[in-house]
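This is the structure I want to talk about, given as structure tokens.
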Amino acid sequence: MIEVLCAKELGDAAKKRISEIFVDAFGHHLSFFSKDKNKLAKALEHMFVLDVFHIALFEGEIAGMAACTNSDVHSVNHDQSELRRHFGIYKGTIANVVFKREFQKPIKMGKRTALIEFFATDPKYRRRGVAKAIMNHLLSLPQYDEYILELTNTDPRVIRLYEKLGFREFERIKQKYSRLSGLDYMVYMRYTK
């Protein structure tokens, strides 16, 4: 049985697990700062805004996550001093700059439009319906009529998966500092109810 709920219902205890899943899915993009997944997870744990993260519980364990927000709230809010504490002053300062540009960029959206980002499933729970349960939950939120999905993965299989769910690509942006962020492109897809 898979239950999907807002991460704030579990409180700060959810941040550690969200950070671990985040690093497992996106950590390769952050290898400039550290190749150690545990170090990355500890450094990033503080930044997740639980009010906008939705998590899937599989037999009581956090198995997957996604952030769903509107243009009024960011899904992450990092602290430069925390980044410096974990990565050192040089890499922590660079992380602060990169994270501001990548994670806190303004995206213009309508009031009834949601941005879905950081969609990830723990590898041991993949192919068990976790991602589908999260997506169905998000697409049923009554306050939204339209969803924009932000992807860091340009793998055609991933794109086709979201196309099967009704999403359509509408923008692909070449990343300016791909060497630091590890991202060549950001892909944006849209779904309308």
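From the residues in region 101-120 that are farther than 27 Å from Gln80 by Cα and either open to solvent by 60 Å² or more (accessible area, probe 1.4 Å) or β-branched (Val, Ile, Thr) (or both), which one is modelled with the lowest pLDDT?
Within region 101-120, the match that is modelled with the lowest pLDDT is Lys111.
I need every pair where a residue in region 67-80 that is over 16 Å from Leu151 (Cα atoms) has its Cβ under 8 Å from the Cβ of a residue that is of a type in the set (Ser, Thr, Tyr), sequence separation at least 6 or different chains.
Asn70/Thr113; Asn70/Tyr144; Ser71/Thr113; Gln80/Thr93
Among what's in region 1-21 and is part of a helix (DSSP H, G or I), out of contact with any strand residue (DSSP E or B) (no Cβ under 6 Å at 6 or more places or on another chain) and not polar (S, T, N, Q), pick the residue that is least open to solvent (accessible area, probe 1.4 Å).
Ala14
Hey, another quick one. Going through region 42-57 one residue at a time, which ones are of a type in the set (A, V, I, L, M, F, W, C) and either surrounded by 22 or more Cβ atoms within 10 Å (Cβ to Cβ) or part of a loop (DSSP other than H, G, I, E, B) (or both)?
Listed by number, the residues that qualify are Ala43, Leu44, Phe48, Val49, Leu50, Val52, Phe53, Ile55, Ala56.
Let me ask you something else. Of the residues that sit in region 58-70 and are of a type in the set (A, V, I, L, M) and either touching a helix residue (DSSP H, G or I) at 6+ places or on another chain (Cβ under 6 Å) or more than 14 Å from Phe118 (Cα to Cα) (or both), which one is most open to solvent (accessible area, probe 1.4 Å)?
Here the answer is Ile62.
Given the conditions (1) in contact (Cβ under 8 Å) with a residue 12 or more places away in the chain; (2) open to solvent by less than 60 Å² (accessible area, probe 1.4 Å), report the number of the one that Gly88 does not fulfil.
(1)
Based on this model, can you work out whether Val98 counts as more than 15 Å from the chain's Cα centre (by Cα), over 20 Å from Phe167 (Cβ atoms) and open to solvent by less than 30 Å² (accessible area, probe 1.4 Å)?
Criteria met by Val98.
For region 162-183, give me each residue that is at pLDDT below 75 and within 27 Å of Leu138 (Cα to Cα).
Leu183
Give me the pairs: first residue in region 99-126 and in contact (Cβ under 8 Å) with a residue 40 or more places away in the chain and within 22 Å of Val158 (Cβ to Cβ), second residue open to solvent by 30 Å² or more (accessible area, probe 1.4 Å) and part of a helix (DSSP H, G or I), beta-carbon distance under 6 Å, and six or more apart or on different chains, which are they?
Correct list of pairs: Thr121/Ala131.
Among all residue pairs at least 6 apart or on different chains, which show Cβ distances below 9 Å where the first residue, located in region 22-45, is closer than 22 Å to Asp155 by Cβ and acidic (Asp, Glu) and the second is modelled with pLDDT of 90 or more and assigned to a helix (DSSP H, G or I)?
Asp24/Lys37; Asp24/Ala41; Asp24/Pro123
Additional query: Determine which single condition Ala133 fails, assuming it passes every other condition in (1) touching a residue at least 60 places away in the same chain (Cβ under 8 Å); (2) part of a helix (DSSP H, G or I); (3) more than 18 Å from the chain's Cα centre (by Cα).
The failed condition is (3).
The values are calculated or read from the model by the stated rules, or taken from the named source; none is laboratory data. All values reported here derive from a predicted model rather than from experimental measurement. Because the Cβ atoms are built from the backbone with ideal geometry, glycine has one as well, and the counts that use them run over all protein chains shown. For accessibility, only protein heavy atoms count, side chains too; no ligands or nucleic acids. Shrake-Rupley method; radii C 1.70, N 1.55, O 1.52, S 1.80 Å.
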